[in-house]
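The values are calculated or read from the model by the stated rules, or taken from the named source; none is laboratory data. Computed from a prediction, not measured in an experiment: that's the story for all the values here. Methodologically, a virtual Cβ is constructed for each residue, glycine included, from the backbone with ideal geometry; neighbour enumeration extends over all protein chains shown. The protein model used for the area step is the full one, side chains on, heavy atoms only, and it has no ligands, DNA or RNA in it. Shrake-Rupley method; radii C 1.70, N 1.55, O 1.52, S 1.80 Å.
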Amino acid sequence: MERSISLVFISILLFLVLFSDHVHGSQIEQTIRFKLIHRHASELGDQRDGRTLGSPSDLRERFEQLKHSDIARLHTVSQRLGHARMTLDLKKIEVPMRSAADVGLGQYFVSIKVGTPPVEYSLITDTGSLLTWIKCNYKCTQDCYKGNPEERIFNPTKSTSFKPIPCTDDFCNNHQLSSSAYTCNQPTSTCAYEYTYSDGTKVTGLYGNETITVGQDVTMTDVLIGCSEQITGKLNIHKMDGIMGLGLHDFSFPVKATRTLGHNKFSYCLVDHLSPSNVFNFLQFGEVAPPPNMQQTELLSGPGNPFYAVKVSGISVDGKMLDIPLDAWDKEKGGGFITDSGSTFSYLVKPAFDKVIEAFQAAFSKLQKVDVVGQEYCFSSTTGYDEKLMPKLAFHFADGAKFDPPVKNYIMKGGEGFVCFGIAPVDMPGISIIGNIMQQNYLWEFDLDHHKMGFAPSTCVIN
């Protein structure tokens, strides 16, 4: 059973846009690239029925929905990292549950083909999940998930490449993908799992190895997937077919994909969240030529930590380092720092957040405040606001790398006529997060062999 949690990034629906068609033995040359589709993208349809994930009615509603889903994401992150539930010092936001993002699963989707013959499914990508699973019916006889008539439910008995994993397999006792212990009562039984999400939704199924197809003829064989046969609770999954787990683990999808390609790297690039619909985010697996100005910092990983954690040494504002206690960045002392595409906004534990606000206070005091539900620091963008006059924020990593995002990544447009500070406080013990808006217009690369995270400014334009 994977622990429940709630809140940011990433949060993901991804559509394939480019793939390499060169194969040597079991390894594919170059890269596999997907288009990442945000939950609010217009191509996902109208969400007025309360179930689908299309565009909200205006920017303010979009902003409030994203903040609401981030609250769930934070709880998810904190529980998976073993913290007590992190608390946000925010007013209550009343927004209907519309998607898996609202229980902390992510903001983007991917399209992949599963089985032989291949059938296409749309999965939410989640950097905090280790297992890739789809709605499924193998040999279920009791409390089976039926869904709606239009839903796509995978039937492994119709796939010639599906191989269920028996419960006697060593994997079943040692995989650490689920927090629930599994007892093998009969040698003929399959290896099962049970996950519980932040709203109490329970997903139960069995593990199997299956073939994943990318494009027309690029395949990965023996990919671990979950066949989720029983789904109970409030999680609204009618418009998603499952989860693509992008967390760090030997059995997770990124590790399998990068090993298949022969280069243990993957990367993604997120455009401005208010960009026109013909500008795309992307996710890619495999080796790419890094930009000449790419910086790298160490990735921290360990048991029970599926996220992409990094070691931060401090924050500066306008070139001046802030006096933030080092405990804020130390997981062993109640802090820590991750990058998370499933979180929309960014978060700092209160000792760090208070120092940042103190450094911004002189600039903020000259602006006209605007009341926005769930946000303390929102200001009129038509009365006295000038982006060029805002303080310059930078994150400093312990090995010397520095991330200095543009102002629009942390003072963002929240609606017509106002902007908001895109960082919120969380209590300690807790985790600080660079969310997906802070990551915009940067290429983020994860080198799994050398445990490095690279980043560089980018237009995110797909050639």
Exercise for the section: Could you give me the residue pairs with C-beta distances under 7 Å whose first residue belongs to the range 345-374 and is small (Gly, Ala, Ser), whose second residue is open to solvent by 70 Å² or more (accessible area, probe 1.4 Å) wherever it lies, and which are 6+ apart or on separate chains? Expected result: Ala363/Leu389; Gly374/Lys91
Exercise for the section: Kindly indicate the residue of the range 133-151 that is in a loop (DSSP other than H, G, I, E, B) and at pLDDT 90 or above and also nearest to Asp222 (Cα to Cα) among those meeting that condition. Expected result: Tyr138
Problem - The listed residue being modelled with pLDDT of 95 or more, under 29 Å from Gly245 (Cβ atoms) and crowded, with 16+ Cβ neighbours inside 10 Å, out of Phe353, Phe395 - result: Phe395
Fill in the blank from the handout: Of the conditions (1) at pLDDT 95 or above; (2) open to solvent by less than 10 Å² (accessible area, probe 1.4 Å), the single one that Ser313 does not satisfy is (2)
Exercise for the section: Take Met453 and decide whether it is open to solvent by less than 10 Å² (accessible area, probe 1.4 Å) and hydrophobic (A, V, I, L, M, F, W, C). Expected result: yes
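Based on what the data block shows, is Leu300 modelled with pLDDT of 85 or more and open to solvent by less than 10 Å² (accessible area, probe 1.4 Å)?
Numbers: modelled with pLDDT of 85 or more: yes; open to solvent by less than 10 Å² (accessible area, probe 1.4 Å): no.
No: the conditions fail for Leu300.
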Fill in the blank from the handout: Reported set for the range 400-425 where residues are in a loop (DSSP other than H, G, I, E, B), modelled with pLDDT of 95 or more and not aliphatic (A, V, I, L, M) is Gly400, Asp404, Pro405, Pro406, Tyr410
